[in-house]
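Here the structure comes first, spelled out in structure tokens, and everything after it is commentary.
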Amino acid sequence: MPKIHLLDQRLCNQIAAGEVVERPAAVVKELLENSLDAGASQVEIELEQGGSKLIRLRDDGLGIDQEDLPLALSRHATSKIAVLEDLERVASLGFRGEALASIASVSRLQLTSAVADAAHAWQVSCEGRDQSAEVKPASHPRGTTVEVRDLFFNTPARRKFLRKEQTEFGHIEDAVKRIALSRFNVGFTLRHNQRATLQLPVAQTQAEQEKRLARVCGPAFMEHALAVDAQAGPLQLHGWVALPTFSRSQADLQYFFVNGRCIRDRLVTHAVRQAYRDVLFHGRHPAYVLYLEIDPALVDVNVHPTKHEVRFREGRSVHDFLFRSLHQALADVRPESGGNSAATAAPEAFAFSGGSAAAGTAQPLQQTPVWQPSLPSTGAGGGIRPGAVAEQVAAYTALQQAADTGDAEIPPLGYALAQLKGIYILAENAGGMVLVDMHAAHERITLERMKAAQQSGDVRRQPLLVPQSIAVAEREANCCESHIGLLQQLGLGLDRAGEELLVLREVPALLAHANLEQLVRDVLADLLEFGGSTRVSDHLDDLMSTMACHGSVRANRRLTVPEMNSLLRDMEATERSGQCNHGRPTWVQISLPELDKWFLRGR
Ligand code: ADP
Ligand code: MG
């Protein structure tokens, strides 16, 4: 029988290092967090060979006292919490006191630090194996430098898992960018193999912050970004979300910070997806940089050693809050009066509708549109209807009059002039020319109307002729029982008929033909995981979306000028009218300066 014995300190640290230090980027993240916790305002990072040869990080933070230096390298040694209550409302990024010890156990580490009024700095070094650190005097301004050389030199198994230098560097750069987005009041520089690769000065003003954002997320994100600012009780959300027209094929531009800590969380991802659901193509991912501020007591950050995950005490209200705030922000996107000057006619939020459309830089959406315009049959498409000319003259006169009588008269999308190929409406507004995809626009308007009607009245229900039994787990049955009221509101009449049996008696009328059993299961799964469910309304939305698509003007139908104008006015009054139900834009603006450019006309 093998004997049980205690593991020695070094081995413990190396085991722990496996969790905290998986690759060079993880070291950089931990060191950066320490610098931020120490109140640094400038952090300089230097790397060699993707961080595996050298990671040196220097800050101008509070520094570490001489007698604390050896302790900083021991496991479970921290200055950040002392008692359990501290853990429950921890505001610092670190608190587990294991990062430096873990890193030191798998590298050659040197820590140099000076506090504000010390005569000079002090330094400790240690080399994987020997953990008894000796403190020597050194020279260093106030602040701390940590030097990590030869990462994993004593753990060959780990070293083998290191990727190419550029790959590891890429991960480090991502880590630095994430942290840089969390602290605009700190400056960061990153050098790799003696070359400066990232320089982010302190960003105080709005303009400076937007510059950093553009540097980190790319200028295109900034151009399509919509500022978000919402508050409900103890929850505060601000930041930027990209318009649906700037969606991504990967979920690679999604930053979410909870009290300044970057996290990845299923509940958050789900809430954001929901908010985008009827304005985004399937398979596309929204882009966002969002900051949630919440009472630290309402969120548990001690879920995982890397602290990438959190657990919200009241997940449901957080989910609802995120969903509602973002849904509203996206809903508010509609044509706005941008004044009369050509330059401002396309509101910033609609950047895609300006130059990008003409210049072809708008994010191309690869999917085939659900709706295919039927080409006009010979003759019919190009012909001019009797009366059309008179209508156009009338419309043009209206526009002229509006222009003459003053400025505020012209509505944002202007007045219709003509219909193009039975597909597009050509209109003139203060900024120049507007093109509208009439089917896409009408579809959105119809959908929003149906949704409003659906929401204003109670959900129309329909009893099932034969009630349907559904076998579920006891957990699900309990959940169903405690949410009977909520399920009723959704239009689902469910009763518990046994330990593990439910009976479905009533469903929303529109969904009578859906796969009801699956729907109920999905709803219960959502209730268990998120405390709420949008399945039924999702289904209704999907259904209404299909109905709206079929109920809207098809291509190649001739509209009269008054009909076209009323469509334009409807668009201005409709939420989310910037995109159709499939996420395609419904209109584009082509400004006068752009037209001038086409004709090389100087103005
Ligand atoms: P934690 O951050 O969880 O406390 P670490 O092992 O990362 O644990 O750091 C241990 C301690 O060393 C910290 O609590 C802090 O007091 C000190 N420390 C580490 N890095 C710095 C730094 N850059 N500036 C000042 N103090 C630091
Ligand atoms: Mg730390």
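The values are calculated or read from the model by the stated rules, or taken from the named source; none is laboratory data. In this text the structure is predicted, and so the values were computed from the model without any measurement. Counting neighbours? That spans all protein chains shown, and the Cβs are built from the backbone with ideal geometry, glycine included.
Name the residue, out of S353, S325, that is among the polar types (S, T, N, Q) and at pLDDT 80 or above. Just one listed residue meets the conditions, S325. Which one of these does L84 not meet: (1) within 21 Å of Q42 (Cβ to Cβ); (2) under 34 Å from the mean Cα position of the chain (by Cα)? It is condition (1) that L84 fails.
Between A77, A91, A116, which is without any contact (Cβ under 8 Å) to a residue 60 or more places away in the chain, more than 11 Å from ligand 1 (Cβ to nearest atom), within 41 Å of the chain's Cα centre (by Cα) and part of a loop (DSSP other than H, G, I, E, B)?
Going through A77, A91, A116 in turn, the sole match is A116.
Of the residues making up segment 470-527, just one is surrounded by fewer than 18 Cβ atoms within 10 Å (Cβ to Cβ), at pLDDT below 90 and of a type in the set (V, I, T), namely I484.
I'd like to check something: does segment 28-49 contain any residue that is free of Cβ contacts under 8 Å to residues at least 60 places away in the same chain and either aromatic (F, W, Y) or within 16 Å of ligand 2 (Cβ to nearest atom) (or both)? It would help to see each step written out before you state the result.
We begin by selecting, within segment 28-49, every residue free of Cβ contacts under 8 Å to residues at least 60 places away in the same chain; these are 37, 39.
Now drop any that are not either aromatic (F, W, Y) or within 16 Å of ligand 2 (Cβ to nearest atom) (or both), which leaves 37, 39.
Yes, some residue in segment 28-49 is free of Cβ contacts under 8 Å to residues at least 60 places away in the same chain and either aromatic (F, W, Y) or within 16 Å of ligand 2 (Cβ to nearest atom) (or both).
Of the residues E293, E309, only one is closer than 25 Å to V216 by Cα, charged (D, E, K, R) and modelled with pLDDT of 90 or more; which? Write out each step before concluding.
Values: E309 fails: modelled with pLDDT of 90 or more.
None of the others qualify; the one that does is E293.
Of everything in segment 94-111 that is within 13 Å of ligand 1 (Cβ to nearest atom) and of a type in the set (D, E, K, R), the residue that is modelled with the highest pLDDT is E98.
When each of R163, R158 is tested for being part of a loop (DSSP other than H, G, I, E, B) and at pLDDT below 95, the lone residue that passes is R163.
Please tell me if R183 is within 16 Å of ligand 1 (Cβ to nearest atom) and either within 29 Å of the chain's Cα centre (by Cα) or in contact (Cβ under 8 Å) with a residue 40 or more places away in the chain (or both). Yes. Scanning segment 405-462 for residues that are at pLDDT 80 or above and of a type in the set (S, T, Y), we see that the one that is nearest to the chain's Cα centre (by Cα) is Y424. When restricted to residues that are at pLDDT below 90 and among the β-branched types (V, I, T), segment 35-80 contains 1. Restricted to segment 238-283, and to residues that are under 9 Å from the mean Cα position of the chain (by Cα) and of a type in the set (S, T, N, Q), which residue is surrounded by the most Cβ atoms within 10 Å (Cβ to Cβ)? In this case the residue turns out to be Q254. Taking segment 486-527 as the range and being over 26 Å from L267 (Cβ atoms), assigned to a strand (DSSP E or B), free of Cβ contacts under 8 Å to residues at least 40 places away in the same chain and of a type outside the set (D, E, K, R) as the test, the residues that pass are G493, A497, G498, L501, V503.
Looking only at residues in segment 52-74 that are over 34 Å from the mean Cα position of the chain (by Cα) and aliphatic (A, V, I, L, M), the one that is surrounded by the fewest Cβ atoms within 10 Å (Cβ to Cβ) is L71.
Consider L71 against the criteria (1) assigned to a helix (DSSP H, G or I); (2) within 23 Å of F169 (Cα to Cα): it satisfies all of them except one. Which criterion is unmet? If we test L71 against (1) assigned to a helix (DSSP H, G or I); (2) within 23 Å of F169 (Cα to Cα), just (2) comes out false.
Out of all the residues in segment 135-146, is one or more within 15 Å of ligand 2 (Cβ to nearest atom) and either at pLDDT 95 or above or not in a strand (DSSP E or B) (or both)?
Residues of segment 135-146 that are within 15 Å of ligand 2 (Cβ to nearest atom), as a first pass: 144, 146.
After this cut, where a residue has to be either at pLDDT 95 or above or not in a strand (DSSP E or B) (or both) as well, the list is 144, 146.
The answer is yes, given that some residue of segment 135-146 is within 15 Å of ligand 2 (Cβ to nearest atom) and either at pLDDT 95 or above or not in a strand (DSSP E or B) (or both).
In segment 106-127, the condition of being of a type in the set (A, V, I, L, M), surrounded by 20 or more Cβ atoms within 10 Å (Cβ to Cβ) and touching a Phe, Trp or Tyr at 6+ places or on another chain (Cβ under 6 Å) is met by at least one residue.
Would you be able to say whether some residue in segment 77-87 is in contact with a Pro (Cβ under 6 Å, 6 or more places away or on another chain) and within 16 Å of ligand 2 (Cβ to nearest atom)? Spell out how you get there, then give the answer.
From segment 77-87, those in contact with a Pro (Cβ under 6 Å, 6 or more places away or on another chain) are none; that's our starting set.
No: zero hits.
Checking each residue in segment 21-61 for being in a helix (DSSP H, G or I), within 19 Å of S102 (Cβ to Cβ) and more than 8 Å from ligand 1 (Cβ to nearest atom) picks out P24, A25, A26, V27, V28, K29, L32, L36, G51.
Okay, residues lined up against (1) on the phi < 0 side of the Ramachandran plot; (2) modelled with pLDDT of 85 or more; (3) assigned to a helix (DSSP H, G or I):
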residue	(1), (2), (3)
D542	yes, no, yes
T546	yes, no, yes
C549	yes, no, yes
N565	yes, yes, yes
M571	yes, yes, yes
S577	yes, no, no
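Looking at V202, V228, V176, V241, which is the one that is closer than 24 Å to V258 by Cβ and part of a helix (DSSP H, G or I)? Walk me through it before giving the result.
Working: V202 fails: part of a helix (DSSP H, G or I); V228 fails: part of a helix (DSSP H, G or I); V241 fails: part of a helix (DSSP H, G or I).
One residue alone meets the criteria, V176.
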